[in-house]
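**Student:** I have a structure here, written as C-alpha cells, and I will follow up with some questions on it.
The values are calculated or read from the model by the stated rules, or taken from the named source; none is laboratory data. Just so we're clear, the structure is a prediction, and the values are computed from it rather than from any experiment. Ligands, DNA and RNA are excluded from the accessible area calculation, which covers all protein heavy atoms including side chains. Shrake-Rupley method; radii C 1.70, N 1.55, O 1.52, S 1.80 Å.
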Amino acid sequence: MIRKWAICSVAAVMLSACGLLSTSCPTYRVKLTVEVETPSGLRKGSNVCEVRTSRTGSNFPASPNQISYTVRGASVAVDLLGGTLFTIMQADSIGSALISAHNYYRRTSNLPEDPIDSRTINRLIREAKPIILPRFFFKEESRSGFPQLVRFRDTNDPASVEWVDPDDLERLFGSGTKIKQLIIQVTDDPISSSIVARLPWLPNYRANQLPFNGIKSTVVSTNDAGANLGAGSFSSELGSSPN
C-alpha cells in the first residue's frame, strides 16, 4: 500500500510522454497547516505546495478523462516536546488532502460531478475558503483526510524515522499531545523549501537514491518507515524517493 503513494506523480509523467494529457487544467498553490494541542499550549507548522493538475485523454484506456495531481513543496514540521512531527510529501499523503478537498468543494458547492471540466476546478480555486480536514473524508470509504505523519527519534539519523498514529500522538510525544486540526487553503504564497535546514542530510540521500534505512532494494516487503521513505518523501525539489 505504501509504495502506491507515488502513483499520481508517476502516472502523470508516463501519460504526458504518451501525449494523452490535456494541458488546460490549472496550476495553483495550497497552504497546509497542522495544529497540535500540547500541555504547554498550541503548536503548529505549515507549508505551501504547488499543485499541477492534468487530465487523461478521452481515449486513454485505463482511466479516460481523469484528473491527476502532481505536487511540489516540502513537509510540514511541528516542533513538540517529544521531537518534531513531520508530514510526508507523497501523492497519497499531501495529495490525499488535496484530492479530498476538491471533492469536498465540489459536493458542498453543489457543483456538477464533472472531473474533466477545468472550469470547475478554476471555480473551486476562486471560491475556496479555508477548510478543516476531517479525520476521514468519506465514511463509506474510510478515506483519511490527513497526510501520513512521522518523526525521527534522532533527526541526525535517517534510519530512526518511524510512523506516527494521528489518533495517538501521546504515545510518542507525551500525555496531553493531540492533533487539534489540519487546515487547507488556496494561497499565492511561495512554495515551501526550508526542510533541508532541519534535515541537512536529505540532499545526500537524494543524490544516492537511498531509502532512509540505507538499503537499496527493488522490492519492499515491510511496512518499516525507513525502508519506504526517502528524500522525495520530504521535498519534491530534491527528487523522488526510491520506488
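**Student:** Could you sort Glu162, Glu37, Glu170 by accessible area so the largest value comes first, with the probe set to 1.4 Å?
**Tutor:** Values: Glu162 35, Glu37 65, Glu170 90 Å².
I get Glu170, Glu37, Glu162, largest accessible area first.
**Student:** Still on this structure: Subtract the Cα-Cα distance of Arg198 and Lys129 from 0.36 nm times their separation in residues, and report this length gain in nm to one decimal. Numbers along the way, then the final one.
**Tutor:** Numbers: separation 69, 0.36 × 69 = 24.84 nm, distance 3.06 nm.
Roughly 21.8 nm would be gained on extension.
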